[in-house]
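Quick note: the coordinates plus some simple rules give every number you see, no bench work behind them. From a predicted model like this one, the values you see are computed outputs, not experimental measurements. Here Cβ is always computed from backbone atoms with ideal geometry, including for glycine, and neighbour counts include all displayed protein chains.
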Amino acid sequence: MLFWTAYTNSLRSNESISQSKFNFDSILIYPNPTSMDYFNFYIASERSEIMNVRIINMYGIFLKEIMITSGDVNKIDFIAENGIYFLLIQSGDKIYRKPLIKVS
C-alpha cells in the first residue's frame, strides 16, 4: 500500500516511471464522465498483458483493485458517489494515472 501512496502524490496525469509497451494515449476509459455503475476500460497494446489497476478517490484513498488484460475491453463495475477518481495502471515497473469522473 505504501508503494501506491508514494506514487499517487508524485505523478501527474500523463507521467510514467520507465519505458512501456504501450503509451498513455492508448488507455481508453469510457464513458467518461459516467453516470452508470460501470465503465469500460481498454488498453491498446502490441501484446496481451495482465495489468494491475487500482481506483482511488481524489484524496488518495484506495477504493478498488482489479486485474485487466490489455487488448481486451474490460467492463469494470464501479458504484460510487459523484466525484473525481483516478485509475492507477501498473505495468511492470511503471504506473500511469488516468482520471474518471462520476456524475449523476
For residue 84, what is the net charge nearby, where nearby means another residue's Cβ is under 13 Å from its Cβ and Lys, Arg count +1, Asp, Glu -1?
+2
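Efficiency by 1/(1 + (r/R0)^6): what FRET value for residue 35 and residue 72, r their Cβ-Cβ distance, R0 = 25 Å, to the nearest 0.05?
Taking R0 as 25 Å, the efficiency between residue 35 and residue 72 is 0.55.
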Set the Förster radius R0 to 41 Å, insert the Cβ-Cβ distance between residue 47 and residue 81 as r into 1/(1 + (r/R0)^6), and round the FRET efficiency to 0.05.
0.65
Once both label points are put 7 Å beyond Cα along the C-beta direction, the residue 28-residue 101 separation in nm becomes 2.0 nm
